[in-house]
Structure formats: structure tokens, C-alpha cells
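Participant: I have a structure here, written as C-alpha cells, and I will follow up with some questions on it.
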Amino acid sequence: DKYSHHLHRKGENFFWVHHQLTVRFDAERLSNYLDPVDELHWEKPIVQGFAPHTTYKYGGQFPSRPDNVNFEDVDGVARIRDLLIVESRIRDAIAHGYIVDRAGNHIDIMNERGIDVLGDVIESSVYSPNVQYYGALHNTAHIVLGRQSDPHGKYDLPPGVLEHFETATRDPSFFRLHKYMDNIFKEHKDSLPPYTVEELTFAGVSVDKVAIEGELETYFEDFEYNLINAVDDTEQIADVEISTYVPRLNHKDFKIKIDVSNNKGQEVLATVRIFAWPHLDNNGIEFTFDEGRWNAIELDKFWVKLPAGTHHFERKSSESAVTVPDVPSFATLFEKTKEALGGADSGLTDFESATGIPNRFLLPKGNEQGLEFDLVVAVTDGAADAAVDGLHENTEFNHYGSHGKYPDNRPHGYPLDRKVPDERVFEDLPNFGHIQVKVFNHGEYIQHD
């Protein structure tokens with residue numbers, strides 16, 4: 001804001017990014033026959049230890065943490081009781097339905113934009129309406145958890161992996177911490193009234209059929225990783241090319257095929273929203289619709305113009321709006337920059353936005369038997385949804401906003417973002433499609449020759 005640039009829906013984006021990381025991690029655990037991750041508790045031991053086996057270029061090794069460590073106050077950062085007090089204040093605000101700002105005014109959060117205010121409070125960012133009272137639960141928790149190896153600074157250890165964006169997810173407790181945060185957000189979302197049939201219906205528009213072309217299959221492949229930045233160099237000696245191969249997950253191409261009818265007698269703008277959630281938990285018990293929708297992975301969202309009549313759409317996995325291409329290596333960036341300085345096209349326009357997951361991570365790993373998912377398609381009123389014009393013609397990545405504006409008026413996760421007391425409300429909607437699919441991993445590993 002100081003530089004006349006407001007990050008649109010920053011607090012809600014904070015919630016949604018971490019929510020999707022959490023549900024995707026749970027799906028990966030189910031793919032490997034593990035239970036979903038349990039949330040972190042300040043008064044209970046941190047069961048999982050962590051040895052990063054990673055070193056700072058300057059400053060020593062990243063700290064390790066043994067199993068079953070009890071939380072301790074971190075000198076100069078926070079006491080555990082302070083985190084419990086801040087959490088209590090936030091939960092109290094959710095129960096009352098309003099945030100109290102610095103001036104003592106009430107900010108109503110019992111609406112679709114309340115999640116944005118709550119995200120600013122929990123993170124907290126400079127947009128928090130009252131950081132003195134509500135603190136910075138998320139940011140402080142990262143530091144407190146990351147320093148449990150040396151909470152009193154006795155050994156003067158460097159910061160842990162949880163204190164850096166680039167390394168935080170290496171620690172499995174990252175996901176326990178964010179399950180804890182996610183459950184606070186869920187408490188708010190579940191306090192909002194469920195959507196009614198009238199709010200969910202796109203009158204005159206129906207989803208007639210949903211199908212998948214191509215097997216949903218993942219595999220591992222060797223990826224060449226450039227290590228030029230991992231070694232010391234000098235201007236007096238030319239750089240030596242150095243790289244290694246690491247295995248990584250990818251998936252085979254597939255298409256989602258959707259048949260939609262428009263019986264309104266005129267052209268309409270439609271928003272197509274595609275989600276999937278695991279059909280069974282690790283005990284083989286089917287998730288209820290309400291449990292499933294909270295664990296839903298967003299696979300895609302796009303806008304289309306629907307003339308009157310019946311239409312068939314095929315959406316390629318490579319076109320998903322929630323993913324981005326792999327970022328080029330530093331070596332490639334250097335070469336492209338040199339070419340651009342010489343007047344050539346840099347060829348980097350596809351990488352202007354990095355706010356998305358790599359396309360190869362669109363699907364969870366799955367397993368040999370096929371991990372079953374509920375795949376749902378909701379076609380909603382694009383005229384009411386669209387926050388900017390021309391979305392049906394927009395091919396650039398805009399999942400978290402483009403040019404300062406988030407394109408969808410609806411909350412992240414809509415229409416699955418609120419509790420569903422009766423799944424028949426959704427299953428009977430004409431503009432809602434629901435099928436079961438399986439994601440396979442047959443152990444295929446494509447190695448570098």
C-alpha cells in the first residue's frame with residue numbers, strides 16, 4: 001500500500017495456498033497407505049524428529065530435532081503460553097463473528113470476505129487490522145517450531161528449515177503446523193451458513209456427462225538438477241558444468257471431458273470448477289460429502305462462453321489454471337538473458353508467474369491398486385463470478401490474480417468452501433457432475449540414459 005499496490009485478497013490467498021498444500025499432502029500419504037497428518041498441539045510432544053542433512057553455504061548446518069521433543073519457550077521470540085493466548089483470541093473472534101480493529105471497531109467476518117480478514121490476522125501481514133491484540137500466530141509459530149533444537153540459544157545454531165520459504169516443507173512438522181492453522185480456518189468456514197439450492201443453481205444450465213480420456217497415471221522420472229550455485233567460484237577460473245539427477249513425480253497427459261447443456265435460449269458465460277478428493281480414508285471408510293469437500297484438491301478452473309444448445313468440452317491436464325510450467329534452471333536463465341541483451345526474444349513469457357504448483361504435481365501419486373477419488377465438476381454463473389472482463393479469452397495464468405486483480409468474485413474453493421449438512425443439495429443440482437476415478441502408480445521409473 002505504501003507504494004500504491006494493494007495485494008488483492010492476500011489473506012484469503014494465504015489460507016487457500018496452505019489449505020491446498022495440506023490436502024495434497026494428505027492425499028500423498030493416503031497414496032502410500034498412511035493416515036492423514038495430525039495437527040500440531042502446543043501442549044503435546046513433537047513426535048516426528050527431523051534431520052535435514054542440509055548445510056548453509058555460509059553459516060553451518062541446518063539444525064536437527066530429535067523425536068518426542070516437548071515445546072519450550074524460545075528466548076527473544078515467544079513463550080508457548082503467548083501462542084495459546086493469541087490462538088484463543090482468534091478462536092474467540094470466530095465464535096463472535098467479528099474482528100476488533102486497533103480503534104475498537106468491529107469488522108464483520110460472517111460473510112464471504114471474512115476469510116480474507118482472518119487470513120491477514122492469522123499470518124499476520126501488514127494488513128492485519130489489530131496485530132497488537134491478535135499477534136502473528138503463523139509467522140511466530142514457524143520460528144518457535146524451527147528453533148526447538150536450541151530454544152534458549154545455548155549453541156548459537158543458525159535458523160532451522162522452517163524459517164525459510166524455500167526449505168520449510170522439508171520438515172514433516174510443517175504439515176502438522178499447517179493442519180493446525182487449517183483447522184482454525186475450518187472453524188470459521190463452518191460457522192457460515194451453508195449455500196442454498198437457489199444460490200448454487202445455474203438456472204437453465206446442466207452438466208450432462210463427465211468423463212476422463214486417458215488413464216490417470218503417475219510415474220517417476222530422472223530430473224537433471226544444475227548445481228552451479230552450490231559450489232564456490234572465482235572470476236579467475238572458468239565455471240565448470242556440474243549437475244546431478246534426482247527422481248521426481250510426474251503424470252501422463254489426460255483430458256477431462258464435459259458435456260454441458262444451455263437451455264436458457266441465449267449465450268451465457270460459465271465458470272467451470274473441477275475438484276477431486278479421496279473416496280476412502282486409510283481404514284477404507286468412505287468420506288462423507290462434507291468430509292470430502294474439505295479435503296478437495298482444486299484441479300482446474302476456467303471460463304467458457306456457452307451458446308444455446310448442447311456443448312462438449314475437453315480440457316487438457318496441461319491447460320490447468322492451478323499449475324505452471326517448471327521454472328527454467330539458472331543456466332538456462334543466464335543463456336536466455338544473454339540472448340535477450342543481444343536483441344533476441346527471451347522466450348520466458350510462459351514463466352512470468354510462478355504462483356502455482358508445477359504441472360507435474362497436478363495429480364497425487366496414487367498407487368498400484370488405484371487410489372479412488374471423487375471427481376466433481378460445478379458449472380456456475382460466469383457473469384456473477386467474473387471480476388474482470390474477457391475471462392473466456394484469457395489464456396495467461398491468473399489463479400492468484402493477474403495485474404493486481406483476482407478474477408473470480410467467489411471465495412476460493414467455491415462452491416465446496418462451506419459445510420454441507422445434506423449432500424443431496426449438491427447431488428440433485430443440474431449444474432453439478434460427480435464421478436469416481438482412480439489414480440494409478442505402477443512403479444514406472446524413467447531413468448536418464
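The values are calculated or read from the model by the stated rules, or taken from the named source; none is laboratory data. Model, not experiment: these values are computed from the prediction. Positions of Cβ are generated from backbone atoms using ideal geometry, with glycine treated the same way; all protein chains shown enter the neighbour counts.
Participant: How many residues are assigned to a loop (DSSP other than H, G, I, E, B) and within 28 Å of the chain's Cα centre (by Cα) if we restrict to the stretch 228-261?
Facilitator: 3
Participant: Which of the residues belonging to the stretch 293-313 are surrounded by fewer than 17 Cβ atoms within 10 Å (Cβ to Cβ) and in contact (Cβ under 8 Å) with a residue 60 or more places away in the chain?
Facilitator: Within the stretch 293-313, K305, T310 qualify.
Participant: Only one of (1) closer than 30 Å to T140 by Cα; (2) assigned to a loop (DSSP other than H, G, I, E, B) is not met by T169, so which one is it?
Facilitator: Just one mismatch for T169, condition (2).
Participant: Here's something else I'd like to know. Of all residues in the stretch 314-325, which are surrounded by 13 or more Cβ atoms within 10 Å (Cβ to Cβ) and of a type in the set (D, E)?
Facilitator: Scanning the stretch 314-325 gives a single hit, E319.
Participant: Let me ask you something else. Looking at A276, A211 in this structure, which one is assigned to a strand (DSSP E or B), buried (at least 16 other Cβ atoms within 10 Å of the Cβ) and in the same structural domain as Y414 (by TED's automatic domain parsing)? Let's see the steps before the verdict.
Facilitator: Numbers: A211 fails: buried (at least 16 other Cβ atoms within 10 Å of the Cβ).
The conditions single out A276.
Participant: Going by what's in this entry, would V121 be described as closer than 19 Å to W16 by Cα, hydrophobic (A, V, I, L, M, F, W, C), surrounded by fewer than 17 Cβ atoms within 10 Å (Cβ to Cβ) and under 23 Å from the mean Cα position of the chain (by Cα)?
Facilitator: Answer is no for this residue.
Participant: Looking at D1, D101, which is the one that is at pLDDT 95 or above, more than 20 Å from the chain's Cα centre (by Cα), among the acidic types (D, E) and surrounded by fewer than 16 Cβ atoms within 10 Å (Cβ to Cβ)?
Facilitator: After applying the criteria, what remains is D101.
Participant: Oh, and also: Of (1) touching a strand residue (DSSP E or B) at 6+ places or on another chain (Cβ under 9 Å); (2) at pLDDT below 95; (3) surrounded by 13 or more Cβ atoms within 10 Å (Cβ to Cβ), N13 satisfies all except one. Which?
Facilitator: (1)
Participant: Still on this structure, I have one more. Quickly run through the stretch 147-205 and pick out the residues that are at positive phi and small (G, A, S).
Facilitator: G153, G204
Participant: Go through (1) more than 30 Å from I446 (Cα to Cα); (2) surrounded by 14 or more Cβ atoms within 10 Å (Cβ to Cβ); (3) touching a helix residue (DSSP H, G or I) at 6+ places or on another chain (Cβ under 9 Å); (4) not small (G, A, S) one by one and return the number of the condition E286 breaks.
Facilitator: Here E286 clears every test but (2).
Participant: Oh, and also: Just a yes or no: is a residue in the stretch 303-317 at pLDDT 85 or above, among the acidic types (D, E) and not in a strand (DSSP E or B)? Walk me through it before giving the result.
Facilitator: So the first thing to find is which residues in the stretch 303-317 are at pLDDT 85 or above, and the list is 303-317.
Then keep just the ones that are among the acidic types (D, E); that gives 314.
Going one step further and asking which of them are not in a strand (DSSP E or B), we end up with none.
No, the conditions are met nowhere in the stretch 303-317.
Participant: State which residue is modelled with the lowest pLDDT when the search covers only the stretch 365-395 and only residues that are in contact with a helix residue (DSSP H, G or I) (Cβ under 9 Å, 6 or more places away or on another chain) and in a loop (DSSP other than H, G, I, E, B).
Facilitator: Per the criteria, the residue is T395.
Participant: List every residue pair whose Cβ atoms lie under 9 Å apart, where the two residues are 6 or more positions apart in sequence or sit on different chains, the first residue falls within the stretch 273-288 and is farther than 10 Å from L30 by Cβ, and the second residue, located anywhere, is among the polar types (S, T, N, Q) and in a loop (DSSP other than H, G, I, E, B).
Facilitator: If the second residue must be among the polar types (S, T, N, Q) and in a loop (DSSP other than H, G, I, E, B), the pairs left are I274/S320; W277/N295; F287/N295.
Participant: Could you tell me whether any residue of the stretch 267-277 is modelled with pLDDT of 95 or more and charged (D, E, K, R)?
Facilitator: So far as the stretch 267-277 goes, yes, one or more of its residues are modelled with pLDDT of 95 or more and charged (D, E, K, R).
Participant: In addition: Does G284 satisfy the criteria of being assigned by TED's automatic domain parsing to the domain that holds S206, under 28 Å from P36 (Cβ atoms) and assigned to a loop (DSSP other than H, G, I, E, B)?
Facilitator: It is true that G284 is assigned by TED's automatic domain parsing to the domain that holds S206, under 28 Å from P36 (Cβ atoms) and assigned to a loop (DSSP other than H, G, I, E, B).
Participant: Search the stretch 420-431 for residues that are crowded, with 16+ Cβ neighbours inside 10 Å and pair each with any residue that is assigned to a loop (DSSP other than H, G, I, E, B) when their beta-carbon atoms are under 7 Å apart and the residues are at least 6 apart or on different chains.
Facilitator: Listed pairs, sorted by first residue: V420/P194; F426/V420; L429/T201; N431/T201; N431/F202.
Participant: Here's a follow-up. Might you let me know whether the stretch 327-348 holds any residue that is more than 21 Å from Y33 (Cα to Cα) and part of a strand (DSSP E or B)? Show your work before the answer.
Facilitator: Narrowing the stretch 327-348 to residues more than 21 Å from Y33 (Cα to Cα): 327-348.
Now drop any that are not part of a strand (DSSP E or B), which leaves none.
No, that holds for no residue.
Participant: What single numbered condition from (1) at pLDDT 95 or above; (2) among the aromatic types (F, W, Y); (3) surrounded by fewer than 13 Cβ atoms within 10 Å (Cβ to Cβ) fails to hold for F165?
Facilitator: (1)
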